[in-house]
Amino acid sequence: MVTLTIDGQRIQAEEGTTLLEAARDHNIYIPTLCVNEAVSPYGACRLCLVEVTKKERQRLVASCLYFVEEGLIVRTDSERIALIRGMIIELLLARCPKAGEVQELAKRLGVRESRFRVEDENNLCVLCALCTRVCQEVVGQSAISLVNPGTDREVAIPFYDNSDACIACGSCAYICPTEAIKLEDVGDTRIITMPNCRLEFKLKQCPKCGTYWAPEKQLEYMIKKANISPKVFDLCPDCRE
Amino acid sequence: MTTEVREIEDSVGAVLARYQRDEGFLVSILQDVQTKLNYLPREALLKVSQGMEVPLSRVYSVATFFKAFSLKPRGRHLLHVCMGTACHVRGAVRVLDRIEQELGIGSGETTRDLEYTLETVNCVGACALGPVVVVDGEYAGQMTSDKVKHLLESFD
Ligand code: SF4
Ligand code: FES
């Protein structure tokens, strides 16, 4: 256990806890956009920045990546932080003006509009990398990644057309905070739409009731991974005994 | 398998043999492959991914991240037109325009006969010589649009 101070509150936390976790455990709000319990922290959005003071030296760190330390003094809401966070939110608003999650954060942080120019009003991706992390860490497939440098950065499958590693599970669409990745089942096809790629997968039909109930590739993957008999997935869950 | 693909795979195989299977070497490996093949063909990236047991998405991510890597074939001659501030104010734009006209390609493109690849760069550190065009690593300074034709002919 280490003892530290967050916003004047003395707090005890387990070693290996991040500042963000410690703060949240004590109901201290820190805004985040790229954190999700399912995956490891990454530090993409920088919204979670806080001020830490150690041996009388102050600096700004991303609280989702910084671990608690004995005697650390942390501030989550100084003027300097508000200024920088406001700037980040303005940049995000200009990048993704239609992203609900961004709008909500902006509202919560008191930012009404952005002074920056909107380039593509339909861009929904904030480049948080939650989708690529869930695909790598939880699904274990690494079918997608962030590609290109700088302003061209985006989420994509290799060459924008190689979906070999993708099992169509939809975890990316599910975890995406801004609906930049969409999933739709149309008839016998699952369609996953990313900012610049569109993937289609065949769904398996239940011989008994006729519904298309799961992507064939995902079932193959589960059969292989769990080493179970393919028979298990002959029927859809509803028609199974 | 076509001979071309076989050649690519052999080249990649030779490069991979010199490295441990450690993702940390990815950039060096891709550099070596590009030195051999002049660019990074799709088959090469697939082979690197298989050989290193690194997901293709990661290899692709690295290959697209660095400007030094090219996923498209590059010309035998590499033209870099400096667009740094000093060159810019001395007329680099006109020089670039003329080169684009002469070669019939835009910046970032390669002529169909695979002779030239044209790229712009931001300052090559030879501001006093500006406008500068670097051809295959050799600096040609005080370039003007009128001198472009001559420059290109000297590399034919
Ligand atoms: S597609 Fe969604 S989850 Fe993936 S980086 Fe963009 S915003 Fe994040
Ligand atoms: S939550 Fe820490 S950088 Fe995004």
Right, A:L47: closer than 21 Å to A:A129 by Cβ and open to solvent by less than 60 Å² (accessible area, probe 1.4 Å) or not? yes
The stretch A:125-163 - residue that is more than 16 Å from ligand 2 (Cβ to nearest atom) and among the hydroxyl-bearing types (S, T, Y) and, of those, farthest from A:R198 (Cα to Cα): A:T151
Positions within the stretch A:90-139 being part of a loop (DSSP other than H, G, I, E, B), in contact with a Cys (Cβ under 8 Å, 6 or more places away or on another chain) and within 14 Å of chain B (Cβ to nearest Cβ), in sequence order: A:A129
Quick one: would you say A:C166 is within 16 Å of ligand 1 (Cβ to nearest atom), open to solvent by less than 40 Å² (accessible area, probe 1.4 Å) and within 14 Å of chain B (Cβ to nearest Cβ)? yes
Across the stretch A:112-136, what is the total count of residues that are more than 9 Å from ligand 1 (Cβ to nearest atom), surrounded by 21 or more Cβ atoms within 10 Å (Cβ to Cβ) and outside the structural domain of A:A156 (by TED's automatic domain parsing)? 0
With the condition kept exactly as written, say whether any residue in the stretch A:202-220 is exposed (fewer than 12 other Cβ atoms within 10 Å of the Cβ) and part of a strand (DSSP E or B). no
If you go through the stretch B:50-64 one residue at a time, do you hit one that is away from every other protein chain (no Cβ under 14 Å) and under 30 Å from B:L152 (Cβ atoms)? no
Looking only at the stretch A:169-190, count every residue that is open to solvent by 60 Å² or more (accessible area, probe 1.4 Å) and either in a helix (DSSP H, G or I) or closer than 29 Å to B:F69 by Cα (or both) and tell me the total. 1
Failed item in (1) closer than 24 Å to A:P177 by Cα; (2) within 13 Å of ligand 2 (Cβ to nearest atom); (3) of a type outside the set (D, E), with A:L60 passing the rest: (1)
Are there any pairs, at least 6 apart or on different chains, whose C-beta atoms fall under 7 Å, with the first in the stretch A:163-192 and at positive phi and the second among the β-branched types (V, I, T) and outside any loop (DSSP other than H, G, I, E, B), and if so, which? A:A168/A:I192; A:G170/A:I192
Which one of these does A:S40 not meet: (1) within 15 Å of ligand 1 (Cβ to nearest atom); (2) in a loop (DSSP other than H, G, I, E, B); (3) open to solvent by less than 30 Å² (accessible area, probe 1.4 Å)? (3)
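The values are calculated or read from the model by the stated rules, or taken from the named source; none is laboratory data. Because the structure is a prediction, the values reported are computed rather than measured. A quick note on method: Cβ atoms are made from the backbone with ideal geometry, for glycine too, and the neighbour counts reach across all protein chains shown. Side chains are part of the model used for accessible areas, which takes the heavy atoms of the whole protein and leaves out ligands, DNA and RNA. Shrake-Rupley method; radii C 1.70, N 1.55, O 1.52, S 1.80 Å.
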